[in-house]
Amino acid sequence: MKLVIREYLSMLKESRELDALLPDLLLSMGITPLSKAQVGVRQYGVDVAGVGPDLDDNSIDKLFLITIKQGDFSRKIWDDGSPQAIRPSLNEIIDVYIPGHIDEEHKKLPKKVVVCCGGDLKQDIENNWRGYKNNHTKSGDLEFDLWDGNKLTLLIENFLLDEYLFPQLVQKHLRKTIALVEQNENEPRYFYQLIEEILFRGNLPKEKNKNAERKRQKALCIHDLSNNIVFYWCQEEDNLKPALLCAERAVLRNWDWMRQNELFDCKVTNKKFTQLFFTYLKVTGAYANKLQSHCFVRDGLFGYGADELEYPLRTFEVIGILGVLGIVFWNLSAITRDEQLRKRYQEQMQAVAQMLAALIENNPPAFAPRYDGHVIDIALGLFTLINAGYTSQAARWVKELSNQIIFAYQIGKYFPIASDNYNDLIALEVGLAPPKEKLMELSTLLPMLAGWFAVLNLADDYKAFQ
């Protein structure tokens, strides 16, 4: 696990990644975060501040002032002339933050300035760092420390990945998930088991007191950390599909766990769930960005060794993923009070809808579902298209879907089978399937399409479909 965490930390960026992890780590160490990093806000060198026991110094309470930097601690980022370099940040902490930005109740506490980075302290800067510390340290009042990748790894393992909330079995599931990120043949079942271990077999408390809230908060933090570790590992392997499935399952199972335990009114638990949700959004956004160029090319989803059977299955899978993403942005734009953020969510929804419309137009299997269960993907896609104003494209899709399904059923091939069974699909492909009446004796897709004829006011087309 040390190697897994160490590799993960080395991939983290400063903004919204390493600084998002740090407050949870501090909390687990018994240090209460006083502030968090904010984009676009002058912070005078301090990205995260906190008060609590210094475990390196007999648990004496101190004021921690942490500046976060990405990657290695090297000569390049020590003092390159920019305000974002380490030395100018430390100078600002000493000259500006400590004299004028510390609350009265914390002024008398010893102060510990920490440089936090996910990489290594490079040899060419060791003497500079040691000299700076020696020149500015004031015994009993001001000291300096470095939390590099190695130190952070140990802290995370000791305080976040403890046996109580992150048992060996859970760590084993995470390692197996990472080992299989190159494969797409099966779902990431080990990660699914990890979720069940943390949420449903971990005896997490349901009470509304502070102690119970803290334990739930820590468990969800572990869950989110596991999500991110898998995501970054998948990025390294250039295969985001497992990370997407893990992130989706994490949101769904966490929501169900909160429902079962009546925790929707717990602000602390809700906050951690929101963090999980935005991790899902980050992973799905990365997946969509990777697919974007393929959506605007004829038969763009046919590549990567697809065949006539896999092509339609992959097409509807991507339609469902993009449909959900579009609905997420639509809902976020509806509930946010920040006008600038609302505009950004609306733009993102439009971009997803544009991708979806292009994908449908450029990939003919989008008009020929092979499973009755593709009704879900189609419905999600239609919601996104209509909410984004792509009504004419949605209407054309509904009409073409209906025509293709009816024609395919008449000829006895390529129609959506009710069983959603891959073996039945193969049997139909090679002419060894049961009669078509048996394979389509039940349909949720046809009545759903009938409903969309009404929604889209396609009365004349509906008569022909009927």
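The values are calculated or read from the model by the stated rules, or taken from the named source; none is laboratory data. Note that the coordinates shown come from a computational prediction; the quantities given were computed from them, not determined experimentally. Cβ: placed from backbone, ideal geometry, glycine included. Neighbour counts: every protein chain shown. Calculation scope for accessible area: heavy atoms of the full protein, side chains included, ligands and nucleic acids excluded. Shrake-Rupley method; radii C 1.70, N 1.55, O 1.52, S 1.80 Å.
Taking the charge dipole of region 160-241 about its Cα centre, with +1 at Lys and Arg Cβ atoms and -1 at Asp and Glu Cβ atoms, the residue from Asn186, Asn211, Leu161 reaching farthest to the positive side is Asn211.
By DSSP, what percent of the beta bridges with both residues in the chain are antiparallel, rounded to the nearest 5?
Of those bridges, close to 40 percent are antiparallel.
Over the C-alpha atoms of the chain, the Rg to Rh ratio, Rh being the Kirkwood estimate, stands at 1.06. In terms of its C-alpha gyration tensor, region 287-351 comes out prolate, because a/c is 1.5 or above and the ratio a/b outweighs b/c.
Here's the picture: charge each Lys and Arg Cβ at +1 and each Asp and Glu Cβ at -1 in the chain, and of Gln393, Leu291, Ala20 the one pushed furthest to the positive end of that dipole is Ala20.
Rg and Dmax of region 356-466, based on Cα coordinates, read 14.1, 44 Å. If Lys and Arg each add +1 and Asp and Glu each add -1, what is the summed charge of the other residues whose beta carbon sits under 10 Å from the beta carbon of Val324? Here the charged neighbours net out to -2. Using only side-chain charges placed at the Cβ, +1 for Lys and Arg and -1 for Asp and Glu, the dipole size of the chain relative to its Cα centre rounds to 800 debye. Of the chymotrypsin sites (Phe, Trp or Tyr not before Pro) found in region 158-230, the ones in coil according to DSSP and having at most 12 other Cβ atoms within 10 Å of their Cβ are Tyr164. Residues whose amide H falls under 5 Å from that of Thr444, counting only those 5 or more places apart or on a different chain, are absent, with hydrogens built in the peptide plane. Extent of region 131-271 along its three principal axes (Cα atoms, max minus min coordinate, largest first): 57, 42, 24 Å. For the peptides 243-249, 267-273, 456-462, residues were scored by their other Cβ atoms within 10 Å and the scores averaged per peptide; the highest-first order is 243-249, 267-273, 456-462. Rounded to the nearest 10 degrees, the angle from helix 267-295 to the longest Cα principal axis of the chain is 60 degrees. When each of the peptides 333-344, 113-124 is scored by the mean number of other C-beta atoms lying within 10 Å of its residues, the order from highest to lowest reads 113-124, 333-344. One decimal place: the segment Asn150-Asn184 gains 9.0 nm when fully extended, by the rule 0.36 nm per residue minus the C-alpha distance. Accessible area per residue for the chain, computed on protein heavy atoms with a 1.4 Å probe, is 49 Å². Only Cα pairs under 8 Å and 6+ residues apart enter the sum, and on that basis the relative contact order of the chain stands at 9 percent. Note on Lys108: aspartates and glutamates with a C-alpha under 18 Å away, same-chain residues under 8 apart excluded, are Asp54, Asp57, Asp61, Asp95, Asp141, Glu143.
Using +1 at the C-beta of Lys and Arg and -1 at the C-beta of Asp and Glu, which of Leu442, Leu276, Val230 has the Cα lying farthest in the positive direction of the dipole of the chain? In the chain, that residue is Leu276.
Computing Rg and the Kirkwood Rh from the Cα coordinates of region 270-407 gives a ratio, Rg/Rh, of 1.00. Please give every one of the lysines within straight-line cross-link reach of Lys399, meaning a C-alpha to C-alpha distance under 27 Å, and leave out same-chain neighbours fewer than 8 residues apart. Counting by Cα, and skipping residues close in sequence, Lys399 has these lysines nearby: Lys413, Lys436, Lys438, Lys463.
In region 196-247, one over the average inverse separation of all distinct C-alpha pairs is 12.3 Å, which is the Kirkwood hydrodynamic radius. Among the protein heavy atoms of the chain, carbon and sulfur supply 50% of the accessible surface, probe 1.4 Å, non-protein parts ignored. All Cα-Cα distances of region 234-336, cut into 5 Å bins from zero to the largest, leave 2, 10, 18, 21, 18, 13, 8, 5, 3, 1 percent in each bin in turn.
Only Lys, Arg, Asp and Glu count, each charged at its Cβ (+1, +1, -1, -1), so figure out the dipole size of region 382-466 about its Cα centre, rounded to 20 debye.
160 debye
Only the Cβ atoms of Lys and Arg (+1) and of Asp and Glu (-1) were treated as charged; on that basis the dipole of region 99-215 about its Cα centre amounts to roughly 340 debye.
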